[in-house]
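Here the structure is laid out as structure tokens; the discussion comes afterwards.
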């Protein structure tokens, strides 16, 4: 890459911007940004990265949302829901945590995506743009972007058609704030300090205050997941950088969820589901949005709260300690 190539891309971007062709301008500024980064040109990097966001915001009306319709017989959905909700409350909560229909199967997603990827994803220059104009990590990789769309559709189906109806049905089985906290406590694996905070999140969930519920439950899930991972003999201790030797609990990340250590204990499909919901830039990114104050009211829905509670039920069902006789 050379300065001449950078100047050429910047000229194309500026010409498109002056012509109010903001869609093309965003593309050219993105190209220029890549060149500037390879050259280490800090002033051009600053210009281009801000121009990319500005041009994407100005061209947002050009982008179309992908709408996909699928028909699933209501009888099939009813059959699954009824089988899950059969029995007493403890039996049902345990069944939810291990049921194979409540998480996407990553191998099936990969196979389906490879067979059905549109030609446009294979030959076009792609960008995935967030609602506020930022380029989304992974969005320029056609294979990965399409696979995440396929995964998102499966997870969306599970959230809307299964989890929503299951949690509605649980109310008729006596699920409330007290019974849910009692169930989690009965498993013997949730630290009491965390349970006290989780109970507050559950209280807000049943009060339909999903904003507070998500802000409490998401970081608590991360902490409890790491605590339980340590009990499964996964290394969760981080060595801090710097002159002094110090350690701390690791911060859960995509790298951990992709690792053999986590996937061999928790299984790949559950790790992928956590990753998509909490961390994946092409997914819900709930952990990042909650941690950095970027989550919107529109995202604080009962569907998202149900999904996070489902994660706790998976932990409760998969690891338990029987009380001593």
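In segment 156-214, how many are in a helix (DSSP H, G or I), more than 24 Å from the chain's Cα centre (by Cα) and surrounded by fewer than 17 Cβ atoms within 10 Å (Cβ to Cβ)?
11
This table checks each residue for (1) touching a helix residue (DSSP H, G or I) at 6+ places or on another chain (Cβ under 8 Å); (2) modelled with pLDDT under 95; (3) not assigned by TED's automatic domain parsing to the domain that holds residue 48.
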residue: 118; (1), (2), (3): yes, yes, yes
residue: 130; (1), (2), (3): no, yes, yes
residue: 145; (1), (2), (3): yes, yes, yes
residue: 164; (1), (2), (3): yes, no, yes
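Which one is nearest to residue 253 (Cα to Cα) among residues in segment 229-238 that are more than 20 Å from the chain's Cα centre (by Cα) and part of a helix (DSSP H, G or I)? Lay out the reasoning, then the answer.
Of segment 229-238, the ones more than 20 Å from the chain's Cα centre (by Cα) are 230-238.
Pick out the ones that are also part of a helix (DSSP H, G or I) and you get 230-231.
Details: 230: 15, 231: 18 Å.
Here the residue is 230.
Would it be correct to say that residue 274 is part of a loop (DSSP other than H, G, I, E, B), in contact with a helix residue (DSSP H, G or I) (Cβ under 8 Å, 6 or more places away or on another chain) and either assigned by TED's automatic domain parsing to the domain that holds residue 164 or on the phi < 0 side of the Ramachandran plot (or both)?
When the stated conditions are applied, residue 274 does not pass them.
From the set of residues in segment 18-33 that are part of a helix (DSSP H, G or I) and free of Cβ contacts under 8 Å to residues at least 24 places away in the same chain, which is surrounded by the fewest Cβ atoms within 10 Å (Cβ to Cβ)?
Restricting to residues being part of a helix (DSSP H, G or I) and free of Cβ contacts under 8 Å to residues at least 24 places away in the same chain, the top hit is 18.
Check segment 251-262 and report whether any residue there is assigned by TED's automatic domain parsing to the domain that holds residue 154, over 26 Å from residue 107 (Cα atoms) and either without any contact (Cβ under 8 Å) to a residue 60 or more places away in the chain or outside any helix (DSSP H, G or I) (or both).
yes
If we scan segment 68-90, do we find a residue that is under 18 Å from the mean Cα position of the chain (by Cα), modelled with pLDDT of 85 or more and surrounded by 13 or more Cβ atoms within 10 Å (Cβ to Cβ)?
Step one: filter segment 68-90 for residues under 18 Å from the mean Cα position of the chain (by Cα), giving none.
No.
The values are calculated or read from the model by the stated rules, or taken from the named source; none is laboratory data. Quick caveat: nothing in here was measured; it's all calculated off a predicted structure. Neighbour counts run over all protein chains shown; Cβ positions are idealised from the backbone, glycine included.
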